[in-house]
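To start, the structure under review is shown below, and the notes come after it.
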Amino acid sequence: MPLFKRRNAQPSAEVDFTKLPRHIAIIMDGNGRWAKKRGLPRTAGHAAGAETFRTIATYCKEIGLDYLTVYAFSTENWKRPQEEVSAIMGLLKKYLLEAIGQMERDKVKMEFFGDLSPLTPELQELCQRTREISKHYEGCQVNICLNYGGRDELLRGAMAYAKDCMEGKADPNHLTQDQFGQYLFSRGVPDPDLVIRPSGELRLSNFLLWQSAYAEFYFTDVLWPDFSKEELHKAIAAYQHRSRRFGGV
Ligand code: FPP
């Protein structure tokens, strides 16, 4: 008898589409290794990862998921070589231009979590435009985490709250979790039910630290560019076999 059950042990990948998680969050990891395995530059891995993101985001809308959040660029990713950072920013620009062009058809609401101010003015303007055009759409909401870090988000929230206290807009003696949630980039978005991390890494890497307090985690060795609808089914099926107690019994 093994001491531990396999992490994602599941009877089948059959999904009950009437009981989907409301919010899925994904750490899109493994692009670099995917490229290396093929003798390609890391940037090719990111391009393939961007394609996978398109496929998965479209599929999430099709199946009626309410919220999808993806980790596209962290506060720590600036440490990467300039060429790689520029390539990721270029892919984002390409994606946002396409998304704006197809918005009337797709009607996906788009948000951005993170401090966008270090991005180029062009990219900031594109994010702003995407957010503005799509803000009234109902149905699937896609949140792209850009220059995002969970600790950075919490510090910003704490500073904003302290400022409100000093200005008499908040009471320093009373703060609920819901109230504090309003100071975070994710304000108005329910916490993720399921956090998926491909590529075999078993860590959170500063992603949605506050919001994932009671999330279910699904780890897979599949690299993000190889992630598919079938892989998503497996993750959702695993989630549907979990028992969520939120600290109760
Ligand atoms: C992590 O893999 C991936 C990133 C830091 C960038 C993710 C970016 C994209 C998928 C493309 C742009 C996104 C959108 C939304 C269009 P890694 O490079 O750390 O992989 P490795 O661990 O194998 O090196």
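Nothing in this text is a laboratory measurement; each read-out follows from the coordinates by a stated rule. Keep in mind that this is a model prediction, so the values were computed, not measured. All Cβ positions, even for glycine, are placed from backbone atoms using ideal geometry, and neighbour counts span all protein chains on display.
Scan region 210-243 for residues that are without any contact (Cβ under 8 Å) to a residue 40 or more places away in the chain and more than 26 Å from residue 112 (Cβ to Cβ) and jot them down.
221, 242, 243 - these are the residues of region 210-243 that are without any contact (Cβ under 8 Å) to a residue 40 or more places away in the chain and more than 26 Å from residue 112 (Cβ to Cβ).
When you go through (1) closer than 27 Å to residue 32 by Cβ; (2) of a type in the set (Asp, Glu); (3) not in a helix (DSSP H, G or I) one by one for residue 191, which number turns out not to apply?
(1)
Would you mention how many residues in region 183-204 are loosely packed, with under 14 Cβ neighbours inside 10 Å and either touching a Gly at 6+ places or on another chain (Cβ under 6 Å) or under 21 Å from residue 143 (Cα atoms) (or both)?
4
Just checking, does region 109-129 include any residue being of a type in the set (Gly, Ala, Ser), in contact (Cβ under 8 Å) with a residue 60 or more places away in the chain and part of a helix (DSSP H, G or I)? Give the derivation first.
The first filter runs over region 109-129 and keeps only residues of a type in the set (Gly, Ala, Ser), leaving 114, 117.
In the following step, the residues that additionally are in contact (Cβ under 8 Å) with a residue 60 or more places away in the chain were identified as 114.
Next cut, part of a helix (DSSP H, G or I) only: none.
No.
Tally up the residues in region 27-83 that are within 10 Å of the ligand (Cβ to nearest atom), aromatic (Phe, Trp, Tyr) and in a helix (DSSP H, G or I), please.
Here the count works out to 2.
Being in contact (Cβ under 8 Å) with a residue 60 or more places away in the chain, touching a helix residue (DSSP H, G or I) at 6+ places or on another chain (Cβ under 9 Å), farther than 14 Å from residue 26 by Cα and not in a strand (DSSP E or B): is that true of residue 207 here? Working first, answer last.
Values: in contact (Cβ under 8 Å) with a residue 60 or more places away in the chain: yes; touching a helix residue (DSSP H, G or I) at 6+ places or on another chain (Cβ under 9 Å): yes; farther than 14 Å from residue 26 by Cα: no; not in a strand (DSSP E or B): yes.
In short, no.
Please work out which one of (1) more than 22 Å from residue 22 (Cα to Cα); (2) within 16 Å of the ligand (Cβ to nearest atom); (3) not in a helix (DSSP H, G or I) is the condition residue 90 fails and give its number.
Only one criterion in (1) more than 22 Å from residue 22 (Cα to Cα); (2) within 16 Å of the ligand (Cβ to nearest atom); (3) not in a helix (DSSP H, G or I) is unmet by residue 90, namely (3).
Of all residues in region 103-145, how many are exposed (fewer than 14 other Cβ atoms within 10 Å of the Cβ) and of a type in the set (D, E, K, R)? Steps first, answer last, please.
If we filter region 103-145 for residues that are exposed (fewer than 14 other Cβ atoms within 10 Å of the Cβ), which is where we start, we get 104-105, 117-118, 120-122, 125, 128, 132, 135-136, 138-139.
The next check asks that each one be of a type in the set (D, E, K, R); those that pass are 104-105, 122, 125, 132, 135, 138.
Here the count works out to 7.
Run down 58, 75 and say which single residue is surrounded by fewer than 22 Cβ atoms within 10 Å (Cβ to Cβ), among the hydroxyl-bearing types (Ser, Thr, Tyr) and within 17 Å of residue 232 (Cβ to Cβ).
Numbers: 75 fails: within 17 Å of residue 232 (Cβ to Cβ).
From the options 58, 75, the qualifying one is 58.
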